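K.L.:
This is the structure, below, for whatever I ask next.
Every number in this text was worked out from the coordinates using simple rules, so none of it is lab data. Owing to the predicted nature of the structure, the values given are computational and were not obtained by experimental measurement. Neighbour counts are summed over all protein chains in view; Cβ atoms, including those assigned to glycine, are modelled from backbone coordinates with ideal geometry.
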Amino acid sequence: MAILITGGAGFIGSNFVLDWFEKTNEEIINIDALTYSGNIKNLESLKNNSNLFFLQGSINDKTFLKKAFEDFKPRAVINFAAESHVDRSISSPENFIQTNIIGIFNLLEISREYWESLVLDSKNNFRFYHISTDEVYGELKPDDPSFKEDNPYIPNSPYSASKASSDHLVRAWNKTYGLPTLISNCSNNFGPFQYPEKLIPLCIINALQNKEIPIYGDGKQVRDWLYVKDHCSAVRKILDKGLPGETYNVGGNNEKTNLEVVSCICDVLNKIRPRENNKSYKELIVHIEDRPGHDKRYSINSSKIFENINWAPKESFESGIYKTVNWYLENPEWLKELMSEEFKKWMEFQYK
Ligand code: NAD
Ligand code: DAU
């Protein structure tokens, strides 16, 4: 038995692989194109694990995908691969259309062809699981109820529009061809191995270098934060117990404004790595021009996954952020290697 995953060298995908092998020895075939945000060293601790296979390649390459299915005959596919950063989708949307829409179409088609060739139990038990985002539902007003699975799709950024498109394709492949699909729409993840273009790791690394911590606009935008290990446990449960054709929202019950998130990180750093001048890291916070089309608030109603699958997050925001800050402090080598020309160019482009 084996599962095939895509994007397993990225932030959530690599956490998923590490978490998987803490629980089981079932084989994983990890397909990843190793774009700027993919880092195979995230899986260094599993380098001697003979049940983990890595294939470098893109979901945009159908021939490559077909061969992987023929060689490994997976019982399920989980798609983590995506272009994932909203700001990059605003400055260069094309890659998002290519990977998040055309790539998913390719993966669906190759999976369908493979699934149709299966017999009896293998066919019934096969799953195509697509990892998606709460951003497809658009933004909420302060008093609006949290997103439920039947909320309309109102995406506002090129990123969320591309993810919404992929969700629609997955749904159609279930309704039209009967492919046994699963979708989960998750809130903002945080934890180890997150590429430092995203708010939480960016705040940590800038603070540690005494650089400004950039907050878009007034910083009152609200996100729901989920510790990545909790997301991994939700994905395992949905794969195991989710019903084909269904969608599940996954949230952390941690709604916070961006200013609250950044202040909390500064408080942790003040305690465990005080600045040489003993001033608070909060002094580094600066407000800069807002993100175009910036969604004001996301909030997840996770009652379906709780009631139907018996999943709930274990980590609080405070305990998760403490672990996350500590992880970045303990892994300076991982960070140093990411400080490539590509990363510097992005920072220069986005923040100057
Ligand atoms: P990430 O950017 O850290 O990782 C993406 C991975 O996909 C990288 O390893 C990259 O090399 C790989 N990849 C990109 N294009 C590819 C292609 N064409 N073929 C094969 N591999 C390719 O992203 P992440 O934060 O780990 O997000 C993973 C998934 O979860 C995405 O689908 C994202 O939309 C979704 N998601 C993320 C969050 C979050 O907070 N990070 C929340 C909800 C949903
Ligand atoms: O909601 C789920 C989504 O969460 C995922 O689908 C995306 O893949 C993931 O990147 C994330 O999107 P966000 O845009 O919410 O994450 P980001 O870390 O980029 O930003 C979080 C909030 O912080 C957002 O309101 C924008 C703000 N922000 C971000 C950066 C990078 C700042 O104020 N300053 C910054 O420098």
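K.L.:
List the helices (runs of 4 or more DSSP H) inside region 266-352, counting only whole elements, that have at least 3 residues being among the acidic types (Asp, Glu) and over 20 Å from the mean Cα position of the chain (by Cα). Even if it seems obvious, please write down each step before you answer.
P.N.:
Numbers: elements: 303-309, 317-330, 332-338, 341-351.
In region 266-352, 341-351 are the helices (runs of 4 or more DSSP H) which contain 3 or more residues that are among the acidic types (Asp, Glu) and over 20 Å from the mean Cα position of the chain (by Cα).
K.L.:
Could I ask something else about it? Quick one: in region 71-113, which of the residues that are away from ligand 2 (no atom under 16 Å from the Cβ) and without any contact (Cβ under 8 Å) to a residue 24 or more places away in the chain is nearest to residue 6 (Cα to Cα)?
P.N.:
71
K.L.:
Quick check on my filter: what residues within region 16-35 are without any contact (Cβ under 8 Å) to a residue 12 or more places away in the chain and in a loop (DSSP other than H, G, I, E, B)?
P.N.:
Filtering region 16-35 down to residues without any contact (Cβ under 8 Å) to a residue 12 or more places away in the chain leaves 22, 24.
The one that is without any contact (Cβ under 8 Å) to a residue 12 or more places away in the chain and in a loop (DSSP other than H, G, I, E, B): 24.
K.L.:
In addition: With respect to residue 235, is the statement that it is within 30 Å of residue 172 (Cα to Cα) and either touching a Leu at 6+ places or on another chain (Cβ under 7 Å) or within 15 Å of ligand 2 (Cβ to nearest atom) (or both) true? Break it down into steps so the answer makes sense when it comes.
P.N.:
Values: within 30 Å of residue 172 (Cα to Cα): yes; either touching a Leu at 6+ places or on another chain (Cβ under 7 Å) or within 15 Å of ligand 2 (Cβ to nearest atom) (or both): yes.
Yes: the conditions hold for residue 235.
This table checks each residue for (1) surrounded by fewer than 18 Cβ atoms within 10 Å (Cβ to Cβ); (2) within 16 Å of residue 130 (Cβ to Cβ).
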residue: 2; (1), (2): yes, no
residue: 10; (1), (2): no, yes
residue: 47; (1), (2): yes, no
residue: 69; (1), (2): no, no
residue: 73; (1), (2): yes, no
residue: 85; (1), (2): no, no
residue: 91; (1), (2): yes, no
residue: 96; (1), (2): no, yes
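K.L.:
Now for a separate question. Can residue 199 be described as within 12 Å of ligand 1 (Cβ to nearest atom) and in contact with a Cys (Cβ under 8 Å, 6 or more places away or on another chain)? So that I can check it myself, show each step before the final result.
P.N.:
Numbers: within 12 Å of ligand 1 (Cβ to nearest atom): yes; in contact with a Cys (Cβ under 8 Å, 6 or more places away or on another chain): no.
For residue 199, the condition - within 12 Å of ligand 1 (Cβ to nearest atom) and in contact with a Cys (Cβ under 8 Å, 6 or more places away or on another chain) - is not met.
K.L.:
Next question. Quick check: anything in region 125-144 part of a helix (DSSP H, G or I) and away from ligand 1 (no atom under 16 Å from the Cβ)? Steps first, please.
P.N.:
If we filter region 125-144 for residues that are part of a helix (DSSP H, G or I), which is where we start, we get 125, 134-137.
If we keep only those that are away from ligand 1 (no atom under 16 Å from the Cβ) too, we end up with 125.
For region 125-144, residues part of a helix (DSSP H, G or I) and away from ligand 1 (no atom under 16 Å from the Cβ): present.
K.L.:
A further question on this structure: Among (1) of a type in the set (Val, Ile, Thr); (2) more than 16 Å from ligand 2 (Cβ to nearest atom); (3) in a helix (DSSP H, G or I), there is one condition residue 12 misses while meeting the rest; what is its number?
P.N.:
(2)
K.L.:
Sticking with this one: Looking at region 290-299, can you tell me whether even one residue there is touching a Pro at 6+ places or on another chain (Cβ under 9 Å), among the hydroxyl-bearing types (Ser, Thr, Tyr) and surrounded by 15 or more Cβ atoms within 10 Å (Cβ to Cβ)?
P.N.:
Within region 290-299, one or more residues are touching a Pro at 6+ places or on another chain (Cβ under 9 Å), among the hydroxyl-bearing types (Ser, Thr, Tyr) and surrounded by 15 or more Cβ atoms within 10 Å (Cβ to Cβ).
K.L.:
List every residue pair whose Cβ atoms sit under 9 Å apart, with the two residues 6 or more apart in sequence or on different chains, where the first one lies in region 120-145 and is within 14 Å of residue 242 (Cβ to Cβ) and touching a residue at least 12 places away in the same chain (Cβ under 8 Å) and the second, anywhere, is in a loop (DSSP other than H, G, I, E, B) and within 10 Å of ligand 2 (Cβ to nearest atom).
P.N.:
Every condition considered, the pairs that remain are 131/82; 132/82.
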